[in-house]
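> After the structure tokens below, expect a handful of questions from me.
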Amino acid sequence: MAEQHPNSEILGIDLSPIQPSWGPPNCRFIVEDVELDWSYGGQKFDFIHSRGMIACIMDYNRMYRQAFDHLVPGGWIEVQEFETRMQSNAPCEGSKRKHIDEWLRYLDEATVSVGRPLTVAGEQRQHLIDVGFEDVAEDIYPIPFGTWPKDPKFKELGRFQLAQMLQAVDSLSPAVFSRILHWDTERVRELTSGVKRELMDRSLNLYCNIHFVYGRKPGI
Ligand SMILES: C[S@@+](CC[C@H](N)C(=O)[O-])C[C@H]1O[C@@H](n2cnc3c(N)ncnc32)[C@H](O)[C@@H]1O
């Protein structure tokens, strides 16, 4: 975004300083909690983008209301979220993906129990409407896990998606399964190993949907 719009100033926020330090000079990151009151020195933005926040937020309406207030009139918001439900584009016995199904079931149960649910991609459009955005639209695209699709574009997408998912299984699971569900380390490792093995099984033709939701603050 910063490279494509060199005259813009891009501010990225995250609770953790996970971003690389190299990058275009018009892009900077700060550590900030989006669930707290936003200030930014009264600054207003032309565009606010949020991605991958499922299971992080308790009150989406509050977060989007703050985004609304921090946009210039006519400014846009875009939210990108994955559906966590993994689908199989092939006949598939349940037993071949039993670890994935179990993992998702427990993740759902745990994240709901602490008030930060995981399965909320499909709800974001309504939240944007509820806080007053106009022209709210939602595009939903499938994204494969792995290189099973024949189409070269989807094959490449799947390669990236599988790589990030194999890392996500290990970064997401320990805290949820040990701190919320009180599993011991060995039990978590057994489940996550099974999940990663199944994710790499090309015969399952796994994919999920990603939602791109966007809307405009009224005013011009
Ligand atoms: C799945 S990652 C997505 C990262 C990045 N947005 C992206 O799309 O590549 C979720 C990120 O949300 C951050 N996060 C969780 N709760 C947050 C909060 N209350 N305020 C700001 N960032 C938060 C986490 O630190 C984590 O880096």
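Throughout, read-outs are computed from the coordinates displayed, never taken from laboratory work. Keep in mind that this is a model prediction, so the values were computed, not measured. FYI the Cβ positions are ideal-geometry reconstructions off the backbone, even for glycines, and counts take in every protein chain you see.
> Which of the peptides 188-195, 131-138 is most tightly packed, and how do the rest follow, judged by the mean count of other Cβ atoms within 10 Å per residue?
Those peptides, ordered most packed to least, come out 188-195, 131-138.
> Turning to a different aspect of this structure: Subtract the Cα-Cα distance of V114 and R179 from 0.36 nm times their separation in residues, and report this length gain in nm to one decimal.
22.3 nm
> Report, in degrees rounded to the nearest 10, the 0 to 90 angle that the Cα long axis of helix 185-199 makes with the longest principal axis of the chain.
For helix 185-199, the angle is close to 90 degrees.
> Assign one of three labels to the range 47-118, namely rounded, prolate or oblate, based on the Cα gyration tensor with a ≥ b ≥ c the square roots of its eigenvalues; rounded applies when a/c is under 1.5, prolate when it is not and a/b is larger than b/c, and oblate otherwise.
Because a/c hits 1.5 or more and a/b fails to exceed b/c, the range 47-118 counts as oblate.
> Over the chain, what is the relative contact order in percent, taking alpha-carbon pairs closer than 8 angstrom and at least six residues apart?
After rounding, I find 27 percent.
> Across the chain, how many lysine pairs, 8 or more apart or on two chains, come within less than 30 Å at their alpha-carbon atoms?
Going through the chain pair by pair, I get 12.
> Largest first, please: the extent of the C-alpha atoms of the range 146-220 along each principal axis, to the nearest Å.
So the three principal-axis extents are 55, 39, 15 Å.
> A follow-up question, please. Just how far, in whole angstrom, is the range 144-170 from the range 3-23 if you go by their alpha carbon centroids?
25 Å
> Hey, another quick one. Quick check on the range 72-220: what does the Kirkwood estimate of hydrodynamic radius come out to from the alpha carbon pairs, in Å?
Result for the range 72-220 stands at 17.0 Å.
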